[in-house]
Amino acid sequence: MALVAVFGASGRQGMAQVRQLKAAGHQVRAISRRADPFLGEDMGEVEIRPADLYDEDSIYEAMVGADAAFYTHPLRARADRAHLVGSVGRAGKRADLKRVVWNTSSWIPDRAGDPFTYGGNTAGINALWRSGVPGTVFGSVLFMDNLLTNWAFPFIVNESRYVYPHKPDLECSWISLDDVARFMIAALDRPDLEGAWVNIGGPEILKPQQVARHLSEAVGREIKYDPSTPEQFGWHLANAYGDEMPEDEKKVIAAGIKAFYEYNNNSPTKPFRVDMGPVLERIPIQMETFADWSKRQEWRLTNKPRPPAG
């Protein structure tokens with residue numbers, strides 16, 4: 001089994017990757033500057049090393065001795081995507097990694113045209129390929145686990161409202177973070193996926209009212225879809241960080257999220273929808289539906305720490 005270095009291990013996505021790597025029998029090195037990166041969750045035996053993503057030597061030191069690395073880009077460093085991915089690739093090449101698997105956390109443009117901010121994924125993929133490290137990239141389009149964050153969860157449990165900026169007829173391929181991690185793990189032993197990028201979503205296409213019905217069944221009472229404007233949603237997300245994020249940065253994040261959802265609601269490229277039939281033929285993993293995912297969550301407020309977003 002492989003030793004996999006997981007960047008961003010203290011975030012929601014990184015924690016799912018650590019959890020699934022351990023379940024698959026791999027060794028894990030969590031790359032985090034936090035002494036307790038898992039918010040108190042018992043992940044078993046996990047090595048922890050710090051790294052500075054803006055220091056390529058630091059990245060190398062975090063990866064040296066590992067077989068592979070999982071990279072998820074920080075939400076708060078969106079503008080530096082290609083630069084940081086390239087640094088991870090070059091450091092991984094120096095460390096002689098067998099594979100770097102990048103989870104872009106968003107759609108990868110699959111045709112010519114206006115890619116909006118998604119063009120950063122294309123630039124990042126090019127930077128990774130040019131680094132010379134063996135790489136695989138997954139464009140995971142929309143996470144079920146978003147509904148567990150501080151910018152969505154309280155509306156559901158306190159007010160029985162599913163608040164999201166999707167227009168009523170927007171079709172989305174919601175995917176669980178555990179399934180994203182399973183795809184990343186599947187790539188470790190697949191030579192045919194070296195140099196490949198693949199968009200991934202969940203096993204079904206859902207509109208907002210269908211999501212609300214699944215949430216109602218899981219929570220045990222009616223949850224109504226209450227669409228927010230992209231501008232309102234941008235501030236929901238930015239404010240979820242509380243005092244951790246300076247006000248000037250909140251304005252930038254809120255404006256970026258507003259523009260992002262305005263684009264996604266009307267884009268002809270449909271960045272939230274993925275035809276998973278061909279993907280699952282190529283990478284056959286057992287995926288969970290939104291109904292199954294929602295029924296295994298704890299829909300009540302507890303003292304358990306909850307990541308604000310990332």
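The values are calculated or read from the model by the stated rules, or taken from the named source; none is laboratory data. Owing to the predicted nature of the structure, the values given are computational and were not obtained by experimental measurement. Neighbour counts run over all protein chains shown; Cβ positions are idealised from the backbone, glycine included. Areas reflect the complete protein model, heavy atoms only, side chains present, ligands, DNA and RNA absent. Shrake-Rupley method; radii C 1.70, N 1.55, O 1.52, S 1.80 Å.
A compact table of results
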| item | result |
| --- | --- |
| Test: ILE48 is over 14 Å from SER10 (Cα atoms) and out of contact with any Pro (no Cβ under 6 Å at 6 or more places or on another chain) | no |
| Any pair with Cβ under 9 angstrom, 6 or more apart, that starts in the stretch 233-249 at a residue that is of a type in the set (Asp, Glu) and ends at one that is modelled with pLDDT of 85 or more | GLU249/ALA238 |
| Number of the exception - SER216 against (1) part of a helix (DSSP H, G or I); (2) touching a residue at least 60 places away in the same chain (Cβ under 8 Å) | (2) |
| Search result, residues across the stretch 234-255 that are crowded, with 17+ Cβ neighbours inside 10 Å and either of a type outside the set (A, V, I, L, M) or touching a Pro at 6+ places or on another chain (Cβ under 9 Å) (or both) | GLY234, TRP235, HIS236, LEU237, ALA240, TYR241, MET245, LYS250 |
| Residue among GLU222, GLU281, GLU231, GLU262 that alone is part of a helix (DSSP H, G or I) and exposed (fewer than 14 other Cβ atoms within 10 Å of the Cβ) | GLU281 |
| Residue among TRP129, TRP102, TRP107 that is aromatic (Phe, Trp, Tyr) and part of a loop (DSSP other than H, G, I, E, B) | TRP107 |
| Test: SER87 is in contact with a helix residue (DSSP H, G or I) (Cβ under 7 Å, 6 or more places away or on another chain) and of a type in the set (Ser, Thr, Tyr) | yes |
| Failed item in (1) within 14 Å of the chain's Cα centre (by Cα); (2) modelled with pLDDT under 95; (3) within 24 Å of ALA196 (Cα to Cα), with PRO109 passing the rest | (1) |
| The stretch 135-154 residues that are farther than 21 Å from PRO203 by Cβ and among the hydrophobic types (A, V, I, L, M, F, W, C), paired with ones that are part of a loop (DSSP other than H, G, I, E, B) and open to solvent by 10 Å² or more (accessible area, probe 1.4 Å) (beta carbon under 6 Å, 6 or more apart) | TRP151/ALA240 |
| Test: residue in the stretch 47-63 that is open to solvent by less than 10 Å² (accessible area, probe 1.4 Å) and of a type in the set (Gly, Ala, Ser) | yes |
| Hey, THR122 within 29 Å of SER294 (Cβ to Cβ) and open to solvent by 40 Å² or more (accessible area, probe 1.4 Å) or not | no |
| Hits in the stretch 23-39 - residues which are open to solvent by less than 60 Å² (accessible area, probe 1.4 Å) and in a loop (DSSP other than H, G, I, E, B) | ALA24, GLY25, HIS26, SER32, PRO37, PHE38, LEU39 |
| Test result for ILE285, closer than 19 Å to ASN103 by Cα and touching a residue at least 60 places away in the same chain (Cβ under 8 Å) | yes |
| Restricting the stretch 155-197 to residues that are assigned to a helix (DSSP H, G or I) and over 20 Å from the mean Cα position of the chain (by Cα), the residue that is surrounded by the most Cβ atoms within 10 Å (Cβ to Cβ) | ILE156 |
| Candidate set: the stretch 198-209, residues that are touching a residue at least 60 places away in the same chain (Cβ under 8 Å) and open to solvent by 30 Å² or more (accessible area, probe 1.4 Å); chosen: the one nearest to GLY139 (Cα to Cα) | PRO203 |
| Residue among ASP42, ASP57 that is under 22 Å from VAL180 (Cα atoms) and not in a strand (DSSP E or B) | ASP42 |
